[in-house]
Amino acid sequence: MSAVLRVLGYIGPKLAQFVFVVLATYTVVFLLITFLPGDPLLAALASKSGGDTIVDPEALEKLRQQYGLAGTPWDQYWHRLGMLFAGDLGVSIATGRPVGDMIARTLPNSVEIAGIALVIAIVIAAVFAFLAFLAPFRWLRNLLLQIPPFGVAIPAFLTGLLLISFFSFTLGWLPSSGSRQPGSAILPAVTLALPVAAILFQVFSAAIFEAQASQHVFTAVAKGVPPRRIFTAHLLRNALLPTITILGLTIGYLAAGTAVVETVFSRDGIGRMTVNAVLARDINVIQGIVLMIAAVYAAVNLIVDLAYGVIDPRTRRSGRAGSSGRAGRNRRPRPQAATQEVPA
Amino acid sequence: MSPRHASARWVAAIGAAAIGVGLLAGCTTTGGGDTGGEAKDELYIAVQDDPVCLDPQQVTLTTALNIGRQLVDSLVDQDPETGEIVPWVAKSYEANDNLTEFTFTLRDDVTFSDDSPLTAETVKANFDALAALGSTAALASQYLAGYQGTEVVDASTVKVGFAEPNAQFLQGASTITLGLLSDATVAMTAEQRCQTPVGSGPFVLDTYTSNDSVVLTARKGYEWGSELRTVKGDAAIKTVTFAVTPEPGVRTGGLQTGEFDMILDLPAADEKRFGTDEFTIYARANPGIPHSLVPNTDRPIVSDPAVRKAMILATDRAEISELTGSSKVPPAGGVLSSATPSFLSQKDALAYDLKGAEKILDDAGWTEGSDGVREKDGKKLSVAVTAFYGQDVLEATQAQLAKAGIELKINMVTAGDFFGAVASKDFDFLGAGLTRTDPDVLRVMFSTASAARWAVVSDPELETQLATQAETADPAARAGILEDAQKRIIDDAFLVPLLEVAQVHASQQGVSGVEFDSSSRIILHDVTVKG
């Protein structure tokens, strides 16, 4: 019985936090959408019908009812919240399709390129960090450390167009657009990966060089442990903690990054759907996507929390100690502190 | 560690990484587009937007209309050159004298791609369903304004009835918007119809992947093309793929390298690049009202006819066209676009005349102010235009009007705010065009009785002309009235035309037989492709 209580005591606050994040997101998005100037229904209709949009007040009122946009903001807030709790995200004004279906259809496409991008980014960051760690000359090491800002500074649409013109139009190796042909996910994933790799590399290399200066690595070098072994056994683990924190944030970046990449590469996905929905002021879709991303974000946060326990046993211990008192608070240590306190 | 060792390891690591990249690239060489050298039965077209919905009767988006046109047949067809109505699936048709009843006699060999026959009942079901859809089918509801019902006279004869005269209906019946769908499709909900419309056209919908592509395959045994088609029977091309490619650089790059046989919506800036023998450019002005400044004459300064007349004279349409339009289409030359039946060229009245504009304003008491903007009774000659597209067109206009001392403020808004302004009449000018195949577009834009009215003008004479043309069956008489209406609109400066909006596409040299219909949508029935 007490075990159940302890699990509840552990999960309860996490769940409450999750619900709070989603509710707060819903409320903020609702306020933004409701109090922005302009009529969302007319905007969505106009994006569908162009010059043939009908502005007959009676017809508009009927459509308002149909899309759950009738009544005072207060009525709408509760009405839509009720729908949300029933698992209903509403119907897109621009396409007439259920928002839940639209997200379910496009999400896998975005997850595909975001997932590949994440893997590529981690590999690039690790390889670069490894090369910088081994670099025989100071100038070479400094040069390698200076490259990443470029990765962040070059806009994704430019990288994308350059990759297309080289790999698709010049070499003819990969398809330029769409997701019809095999290999079509590679160029968008690379485009998406470059800035992420740059961010990861910076965090990764900083942590590695910090750990390299610490006593236990000094001891290992003195004992004649080969550099590759030092890198994998002593440095990598230390570098993982801050990197995982950044990874959590990166998920948010990937969600935003797909908007540009999916437009340039003509891929169907969450990012492109968001752009279209914002342009059309299709508020049901905007709200659905934001809620979905908030939920994913909260879930990733939770996983990152748990991952700390796996990677760093000390946080696991303090986590257990904490659960008997104020469960879940301050369990995650500041990454900087963790790397500095590693015993020699 | 010794530097020598370390650098050797470093080189090895780089080498391994390079091999890895090479392998990755090697694995994926199969994905590229191929450019064969023989006659092909596949056509690959890059389009700008996702069609969203494929039901030809509901959509108004240009891309969706271009795709949908291949799927459905219409009762009649319209010659894009002469404006003449010719038979299609209706082998004959007639209208009563006051244009309230239209009788069609159908061919008896037409079937839909689900093998169901096209009957008089089908036509009735189509129009009844469209009338029930109401504003969900925005364009169709305007063609069917005043629809009372369809009477099935016999198995191959239908009579469509209207409460009021409807001069545009016969022309509307030639458009894709009143194209015919199978009984099963018509019975579906509006949303279902969007995904799987079944028509009797030369092509059949194979797959539609949202935001990605639409694939059509040619129909076997298609024998009922309109007499405007050169190919009789089945389409020459077996498969057509519309690849949704919003980025213009990717469309033009793909055309250049042969990945696409054809691209729709060629950017004006790329016309030179594809103007060589290797490529073909297709261009046709949209029928309807050109991109214009549409006035609200209830507003203080706009209400002054002298100001509006001066604006017409102070805008240089040739320059606007050169700066912002397609080189393939002439500058705006009237109230209607040159592709519209009954178009009246008003080049002389619309000729650029800065001196004339200045004189009109001087005479009306608008004198030059200290900052170059004219004034009268302490009020500045400053008006605003509300628009949601075509900012470049308006900026060119702004610069030209400034030379005459007229300040034009540009108010770019979202599409929703634009139609919000239309609904509340809260604007000086609207900056937009209106695409319609029939000159009745004038009534839609200017008549106080029109549901989709934009211009706020009050002129009983014009109102009468617009109402009369809509109920005049005699083409010559109707053309006469329309001519008077066009003259009147320019005389009273109820519209400042700026630019003819055009459809501009490009293809590889080997593609031939692409045609425009009277609404400037493409027809692929006659297309052949050589690699």
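If you go through region B:210-232 and keep only what is under 20 Å from B:Asp41 (Cα atoms) and within 14 Å of chain A (Cβ to nearest Cβ), you end up with B:Ser213, B:Val214, B:Val215. A:Leu36 meets the stated requirement of being loosely packed, with under 15 Cβ neighbours inside 10 Å and within 13 Å of A:Ile283 (Cα to Cα).
With respect to the conditions (1) within 14 Å of another protein chain (Cβ to nearest Cβ); (2) part of a loop (DSSP other than H, G, I, E, B); (3) under 20 Å from B:Leu61 (Cα atoms), B:Gly201 lacks only one, and its number is (1). Looking at the structure I just gave you, is B:Thr207 more than 20 Å from B:Ala131 (Cβ to Cβ), within 11 Å of another protein chain (Cβ to nearest Cβ), in a strand (DSSP E or B) and touching a strand residue (DSSP E or B) at 6+ places or on another chain (Cβ under 6 Å)? When the stated conditions are applied, B:Thr207 passes them. Give region B:421-437 a look and list any residue that's under 30 Å from B:Asp517 (Cβ atoms) and of a type outside the set (Ser, Thr, Tyr), or say none. Across region B:421-437, the qualifying residues are B:Val422, B:Leu430, B:Gly431, B:Ala432, B:Gly433, B:Leu434, B:Arg436. Filtering region A:121-130 for residues that are away from chain B (no Cβ under 14 Å) and in contact with a Pro (Cβ under 9 Å, 6 or more places away or on another chain) leaves a non-empty set. Return the residues of region B:272-330 that are among the aliphatic types (A, V, I, L, M), within 30 Å of B:Asp362 (Cα to Cα) and under 27 Å from the mean Cα position of the chain (by Cα); say none if nothing qualifies. Within region B:272-330, B:Leu293, B:Val294, B:Met311, B:Ile312, B:Ala318, B:Ile320, B:Leu323 meet the criteria.
On the stretch given as region A:36-90, residues that are facing chain B (nearest Cβ under 7 Å), at negative phi and over 33 Å from the mean Cα position of the chain (by Cα) total 8. Looking only at region B:153-205, which residues are among the polar types (S, T, N, Q), within 20 Å of B:Leu139 (Cα to Cα) and out of contact with any helix residue (DSSP H, G or I) (no Cβ under 8 Å at 6 or more places or on another chain)? Result: B:Gln171, B:Ser174, B:Thr189, B:Gln192, B:Gln195. Those helices (runs of 4 or more DSSP H) of region B:237-350 in which 2 or more residues are at pLDDT 90 or above and within 14 Å of another protein chain (Cβ to nearest Cβ) occupy B:248-257. Among all positions in region B:139-147, there is at least one residue which is within 14 Å of another protein chain (Cβ to nearest Cβ), part of a helix (DSSP H, G or I) and among the small types (Gly, Ala, Ser). Can you name the residue in region B:267-296 that is out of contact with any strand residue (DSSP E or B) (no Cβ under 6 Å at 6 or more places or on another chain) and not charged (D, E, K, R) and, of all such residues, is farthest from B:Val527 (Cα to Cα)? Per the stated criteria, the residue is B:Ala269. Name the residues in region A:275-284 that are buried (at least 24 other Cβ atoms within 10 Å of the Cβ) and in a helix (DSSP H, G or I), would you? The answer is A:Ala277, A:Ala280, A:Ile283, A:Asn284.
Being touching a residue at least 60 places away in the same chain (Cβ under 8 Å) and surrounded by 16 or more Cβ atoms within 10 Å (Cβ to Cβ) is a description that applies to B:Asp304. The set of residues in region B:167-192 being more than 22 Å from the chain's Cα centre (by Cα) and surrounded by 20 or more Cβ atoms within 10 Å (Cβ to Cβ) consists of B:Ser182, B:Thr185, B:Val186. Which of the residues that make up region B:98-135 are out of contact with any strand residue (DSSP E or B) (no Cβ under 6 Å at 6 or more places or on another chain), among the charged types (D, E, K, R) and assigned to a loop (DSSP other than H, G, I, E, B)? Answer for region B:98-135, where residues must be out of contact with any strand residue (DSSP E or B) (no Cβ under 6 Å at 6 or more places or on another chain), among the charged types (D, E, K, R) and assigned to a loop (DSSP other than H, G, I, E, B): B:Asp108, B:Asp109, B:Asp114, B:Asp115.
Of the residues examined, B:Ser370 is one that is modelled with pLDDT under 90 and either exposed (fewer than 15 other Cβ atoms within 10 Å of the Cβ) or not in a helix (DSSP H, G or I) (or both). Pairing residues of region B:411-426 that are surrounded by 21 or more Cβ atoms within 10 Å (Cβ to Cβ) with residues that are β-branched (Val, Ile, Thr) and not in a loop (DSSP other than H, G, I, E, B), at Cβ distances under 7 Å and at least 6 apart in sequence or on separate chains, gives B:Phe418/B:Thr386; B:Ala421/B:Thr386.
Condition check ((1) over 30 Å from A:Leu36 (Cβ atoms); (2) part of a helix (DSSP H, G or I)) across all residues:
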| position | (1), (2) |
| --- | --- |
| A:Ala207 | yes, yes |
| A:Arg237 | yes, yes |
| A:Leu241 | yes, yes |
| A:Thr263 | no, yes |
| A:Arg267 | no, no |
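Scanning region B:369-391 for residues that are closer than 29 Å to B:His291 by Cα, without any contact (Cβ under 8 Å) to a residue 40 or more places away in the chain and not polar (S, T, N, Q) yields a count of 5.
The values are calculated or read from the model by the stated rules, or taken from the named source; none is laboratory data. Every value quoted in this text rests on a predicted model; they were computed, and no experiment measured them. Here the Cβ is made from the backbone with ideal geometry for all residues, glycine too, and neighbour counts use every protein chain on show.
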